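Student: Okay, handing you the structure first.
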Amino acid sequence: MTFFSHFENFLDDLTDRFRSDLEVNRREDRAVEVEDERNEGTNEVDSADTEPKVVSVDFQGKANAVNHRCDKYEIVERQQSAIILRRGGSFTIEVEFNQALELKKTHLVKLYFSFGKRPTSAKGTQAILQATGKKLFDKNHEEWDVRVDGQNGKKITFEVQIPTDAPVGIWNPAIEVSRRNAPSTARHVHRSDMHIYILFNPWNKHDETYMSDDEKREEYVLADVGKIWVGNYPFPHGRPWVFGQFDDAVLPASVLLLERSGIPSESRGDPIRVSRAISKMVNSNDDSGVIVGRWDGKYEDGKSPSSWSGSIKILEAYIKSKRPVRYGQCWVFAGVVNTVCRALGLPSRVVSNFASAHDTNVSLTIDEYVDEKGNEIDSSYTGATPGGLYDSIWNFHVWNDVWMRRPDLPEGFGGWQVIDATPQETSDGTYQCGPASHEAIRRGQMEYKYDVPFVLAEVNADVVHWQKDDKAKDGFKKLTTNKRSVGRQLLTKKPGPVDNSGYSGTDKEDITLEYKPKEGTTAERVTLLTAARRTRAARHAFRLMSQEVDDVEFTLEDLERVPIGEGFTVTLTAKNMSEAKRTISVVMTCSSMYYTGAPAFPIKRREGEIVLGVGETKNMTMEVTHGDYYEKLVEHAFVRNVAICTVSETSYAWVGDDGLEIQKPDVKIEILSEAVSGKPLPIRVSFTNPLPITLRNCELEVDGPGVLRPKTIKISNVGPNEEMVHEMKVFPKKPKHCTLVVTFNSSQLYNLTGSKQVTINPPE
């Protein structure tokens, strides 16, 4: 049984609304139908004088889908009353009448295509096409047109041209036939239950989403499995994600989101409006959208964000329950956004920003505060920032790029645009973000909509350290500015196959320079200063000079990955650059943290003093064992090491921190026989438990478009240092290249992932 039955009611409700809007026309049709019935009941009228009627309509769904690069959509195969097309293309329909027609002399045929609640030609939501018998299209690409492709007795094949700016979503067709000069009541209207999905068309140069590169279209529109880069700079790893945009649940769900978004029907052909609406509808904050966000680790009344392996189950659950799905975080929001965009034909990619700033007051700075002794001021301190707001730096943050022209902006600002469904800050009173032009972000053009200042701060803000000082104007003096700690790297999956190795994957593409000039260059500083001049909140931090006396050089060692189960050492180095002795008070702390930068649990603390002679260098270390940190880890297993150093002779305070991800094992997937469509395919899933404890409440999430639908499998406990092995069979349906994705979760160890590419061969 397919999922289609679960959202059949949604489609019925949608079309019922369209039908109600056409009820007036139906009343007019009844007189014709009654007359037709009378004619059918008598032999007194010669067949040549019988009023023309439509007997049947063949929308040639599969052939048209192939021509429009839409044949991967499962609806085309599974549901005869749906056809999927791209605007700017043409499609054929074969209509059988009850008699042979002469379009140029005797008969009139009109084709109607209606969209939305109150379709009208003036708003571009209704097309009324008269088939004159012409053999060629003669109208502009922005207009509907129809021509006769062929006639065989009572059957006529029409070819219909779809405008390049047609609204995206479900259109409903009707066909009217009558004799020329016949009264309005003497006509026959055939109303079809067919749903015509019209999508964006990146293959058409007149479409606002046109993308000229074949390889990029293959990736950003047609790839149904990809990677989302997560982790910690400079050691990110790729998390496999099933977008599944061709699943039979996804396209109706995507159309439902546009219906609920409040965008007027006539504006649903505008990728600017559509993408902005998607960014607000995928979160649940304002419009009962798809996903509820949660970051505190309390997921008992839903599913942990880490347990999702793709978008299909999320969209299924949304349609079934008619309520937002619990729970998601940034990579989940971005994964679902990518699915919806690609389903609608809008080119999109998932982008991960490592060391991503969350600037709450558009100051273009992330402000961190210490007291007079150099101790960090807790984020709950209401005087830390204006209004008690709290800036933060996320280990990583994930959003989406969408591709489109920007006719509302000056030349050169089209191409990739940022949209973000994670509900961080409101825009125009709603939790939505974008589309923000890459070029506007790169140049610091804050005035160009939408939400350029927020995204610019995410990738290029300065980190400013402030110290409490009652003599300073605002109660704090500026100590230091770190100009290179935000937006360390921006990654996306590059076009091509998915690399099955998570930590050492070769399928990542560094797109940092698409967002900002190279760090440390004059161009990069000009970008930020240009932006700072356009916001009052930024001028204060950028105008004030730092007041530090930095004659001691501090370094906190960057740690590489630490495999879970092993310990690590935190090392601080201090070098005296002055001509006098320096005495330094040091506080070193280690704590677990959420990927948003919010603290979770303290792990270890060490206090001490370093005395440096002239030119002397010394180290201070702190040892952290597996026993210290294991029970205090939270999702993503991030650890933050912080060193706060105060030089007693100069009162200079220095704060250094290093983020570290505790590395978990990858899940291994093995294909145990040749993959042939129509035959069971055995696979083996395995990994070794790296912990000296038993893993309980174990589950596998398995997904693979074209091979199996997403499913959850409960498995046995996994003992200490034991290998987990699970064998199962999947059932590929047709030849294709596809990717299997597996996620493992238990109460003690979670968020383990793996993927495997497999080629399904045709039967011999």
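So that you can scan it fast, the table gives a plain yes or no per residue for (1) within 27 Å of Gln663 (Cα to Cα); (2) surrounded by 15 or more Cβ atoms within 10 Å (Cβ to Cβ):
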| residue | (1), (2) |
| --- | --- |
| Gly475 | no, no |
| Lys493 | yes, yes |
| Asn500 | yes, yes |
| Thr506 | yes, no |
| Ile511 | yes, yes |
| Tyr515 | no, yes |
| Val526 | no, no |
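Student: Now a separate question. I'd like to verify a number: residues in segment 674-686 that are open to solvent by 10 Å² or more (accessible area, probe 1.4 Å) and under 22 Å from Glu723 (Cα atoms), how many?
Tutor: Total satisfying the criteria: 2.
Student: Does segment 429-442 contain at least one residue that is open to solvent by 20 Å² or more (accessible area, probe 1.4 Å) and farther than 23 Å from Asp391 by Cα? Full working, then the answer.
Tutor: Just the residues of segment 429-442 that are open to solvent by 20 Å² or more (accessible area, probe 1.4 Å), to begin with: 429-432, 439, 442.
Right, trim to farther than 23 Å from Asp391 by Cα and you get 439.
Scanning segment 429-442 turns up at least one residue that is open to solvent by 20 Å² or more (accessible area, probe 1.4 Å) and farther than 23 Å from Asp391 by Cα.
Student: A follow-up question, please. Return the residues of segment 46-73 that are farther than 22 Å from Ile162 by Cβ and either modelled with pLDDT of 50 or more or open to solvent by less than 60 Å² (accessible area, probe 1.4 Å) (or both); say none if nothing qualifies. Break it down stepwise before answering.
Tutor: From segment 46-73, those farther than 22 Å from Ile162 by Cβ are 46-53, 55-56; that's our starting set.
Matches in segment 46-73: Asp49, Thr50, Glu51, Pro52, Lys53, Val55, Ser56.
Student: Can you work out which of the residues in segment 139-155 that are outside any loop (DSSP other than H, G, I, E, B) and surrounded by fewer than 22 Cβ atoms within 10 Å (Cβ to Cβ) is nearest to the chain's Cα centre (by Cα)? Write out each step before concluding.
Tutor: If we filter segment 139-155 for residues that are outside any loop (DSSP other than H, G, I, E, B), which is where we start, we get 145-152, 155.
If we keep only those that are surrounded by fewer than 22 Cβ atoms within 10 Å (Cβ to Cβ) too, we end up with 145, 147-152, 155.
Working: Asp145: 35, Arg147: 39, Val148: 41, Asp149: 41, Gly150: 44, Gln151: 46, Asn152: 48, Lys155: 45 Å.
Among those residues, the one meeting the criterion is Asp145.
Student: Which residue, of Thr164, Thr106, is open to solvent by less than 50 Å² (accessible area, probe 1.4 Å), at pLDDT below 95 and hydroxyl-bearing (Ser, Thr, Tyr)?
Tutor: Details: Thr164 fails: at pLDDT below 95.
Checking each option against the conditions leaves just Thr106.
Student: Also, quick follow-up: Pairs needed: first member in segment 652-674, without any contact (Cβ under 8 Å) to a residue 60 or more places away in the chain; second member anywhere, in a strand (DSSP E or B) and of a type in the set (D, E, K, R); C-beta distance under 8 Å; at least 6 residues apart or different chains.
Tutor: Leu672/Arg684; Leu672/Glu727
Student: Which members of segment 140-190 meet the condition of being in contact (Cβ under 8 Å) with a residue 60 or more places away in the chain and acidic (Asp, Glu)?
Tutor: Glu142, Glu159, Asp165, Glu176
Student: Report yes if some residue within segment 288-302 is under 17 Å from the mean Cα position of the chain (by Cα), in a helix (DSSP H, G or I) and aliphatic (A, V, I, L, M); otherwise report no.
Tutor: So far as segment 288-302 goes, no, none of its residues is under 17 Å from the mean Cα position of the chain (by Cα), in a helix (DSSP H, G or I) and aliphatic (A, V, I, L, M).
Student: Consider His188 against the criteria (1) more than 41 Å from the chain's Cα centre (by Cα); (2) open to solvent by 40 Å² or more (accessible area, probe 1.4 Å): it satisfies all of them except one. Which criterion is unmet?
Tutor: Of everything listed in (1) more than 41 Å from the chain's Cα centre (by Cα); (2) open to solvent by 40 Å² or more (accessible area, probe 1.4 Å), His188 misses just condition (2).
Student: Right, here's the next one. Is there a residue in segment 311-318 that is among the basic types (Lys, Arg) and outside any loop (DSSP other than H, G, I, E, B)? Spell out how you get there, then give the answer.
Tutor: First, pick out the residues of segment 311-318 that are among the basic types (Lys, Arg): 313.
Add one more test, that the residue is outside any loop (DSSP other than H, G, I, E, B), and what stays is 313.
Taking every residue of segment 311-318 in turn, at least one turns out to be among the basic types (Lys, Arg) and outside any loop (DSSP other than H, G, I, E, B).
Student: Exactly one condition in (1) farther than 21 Å from Trp416 by Cα; (2) in a strand (DSSP E or B) is false for Asp248; which is it?
Tutor: For Asp248, the exception is condition (2).
Student: Quick one: how many residues across segment 74-96 are at pLDDT 95 or above and over 19 Å from Phe113 (Cα atoms)?
Tutor: The total comes to 0.
Student: Taking the residues in segment 568-612 that are of a type in the set (S, T, N, Q) and closer than 25 Å to Phe396 by Cβ as candidates, determine which candidate is modelled with the lowest pLDDT.
Tutor: Going through the qualifying residues, I end up with Thr596.
Student: Another one. What number of residues in segment 688-708 are more than 14 Å from Val242 (Cβ to Cβ), buried (at least 21 other Cβ atoms within 10 Å of the Cβ) and not aliphatic (A, V, I, L, M)?
Tutor: 2
Student: Which of the residues that make up segment 698-722 are of a type in the set (D, E, K, R) and assigned to a loop (DSSP other than H, G, I, E, B)? Spell out the reasoning first.
Tutor: Just the residues of segment 698-722 that are of a type in the set (D, E, K, R), to begin with: 699, 701, 703, 709, 711, 714, 722.
Across segment 698-722, the qualifying residue is only Glu722.
Student: I'm told Tyr390 meets every condition in (1) open to solvent by 50 Å² or more (accessible area, probe 1.4 Å); (2) modelled with pLDDT under 80; (3) in a strand (DSSP E or B) except one. Can you identify the failing condition by its number?
Tutor: So Tyr390 meets the others, but not (3).
Student: Name the residues in segment 716-745 that are open to solvent by 90 Å² or more (accessible area, probe 1.4 Å) and under 20 Å from Leu681 (Cβ atoms), would you?
Tutor: The answer is Glu727, Lys729, Phe731, Lys733, Lys734, His737.
Student: Kindly indicate whether any position in segment 69-80 is in contact with a strand residue (DSSP E or B) (Cβ under 7 Å, 6 or more places away or on another chain) and outside any loop (DSSP other than H, G, I, E, B).
Tutor: Yes, segment 69-80 has at least one match.
Student: Look at segment 127-160 and say how many of its residues are among the polar types (S, T, N, Q) and either in contact with a His (Cβ under 8 Å, 6 or more places away or on another chain) or under 18 Å from Asp58 (Cβ atoms) (or both). Can you show your working first?
Tutor: Step one: filter segment 127-160 for residues among the polar types (S, T, N, Q), giving 130, 132, 140, 151-152, 157.
Pick out the ones that are also either in contact with a His (Cβ under 8 Å, 6 or more places away or on another chain) or under 18 Å from Asp58 (Cβ atoms) (or both) and you get 151-152, 157.
Residues in segment 127-160 being among the polar types (S, T, N, Q) and either in contact with a His (Cβ under 8 Å, 6 or more places away or on another chain) or under 18 Å from Asp58 (Cβ atoms) (or both): 3 in total.
Student: Can you say whether Asn172 is touching a His at 6+ places or on another chain (Cβ under 9 Å), modelled with pLDDT of 95 or more and either under 14 Å from Cys341 (Cα atoms) or not in a strand (DSSP E or B) (or both), as far as the supplied structure shows? Don't jump to the end; show me each part of the working.
Tutor: Values: touching a His at 6+ places or on another chain (Cβ under 9 Å): yes; modelled with pLDDT of 95 or more: yes; either under 14 Å from Cys341 (Cα atoms) or not in a strand (DSSP E or B) (or both): no.
No.
Student: Kindly list the number of the only condition in (1) closer than 30 Å to Ala334 by Cα; (2) open to solvent by 10 Å² or more (accessible area, probe 1.4 Å); (3) in a strand (DSSP E or B) that fails for Lys205.
Tutor: The single condition Lys205 does not satisfy is (3).
Student: Just one of (1) within 24 Å of Tyr210 (Cα to Cα); (2) touching a residue at least 24 places away in the same chain (Cβ under 8 Å); (3) in contact with a helix residue (DSSP H, G or I) (Cβ under 7 Å, 6 or more places away or on another chain) trips up Arg260, so point out which.
Tutor: Here Arg260 meets the rest and fails (1).
Student: Just give me the residues in segment 579-599 being open to solvent by less than 30 Å² (accessible area, probe 1.4 Å) and of a type in the set (A, V, I, L, M, F, W, C), in sequence order.
Tutor: Ile584, Val586, Val587, Met588, Cys590, Met593 - these are the residues of segment 579-599 that are open to solvent by less than 30 Å² (accessible area, probe 1.4 Å) and of a type in the set (A, V, I, L, M, F, W, C).
Student: Taking segment 618-655, which residues are crowded, with 17+ Cβ neighbours inside 10 Å and more than 25 Å from Asp296 (Cα to Cα)?
Tutor: Met620, Met622, Ala643, Ile644, Cys645, Thr646, Val647, Tyr652, Ala653, Trp654, Val655
The values are calculated or read from the model by the stated rules, or taken from the named source; none is laboratory data. In this text, all values refer to a predicted model and were calculated from it rather than measured experimentally. Positions of Cβ are backbone-derived with ideal geometry, glycine not excepted, and every protein chain shown enters the neighbour counts. To get the accessible areas, we keep the full protein, side chains included, count just its heavy atoms, and leave off ligands, DNA and RNA. Shrake-Rupley method; radii C 1.70, N 1.55, O 1.52, S 1.80 Å.
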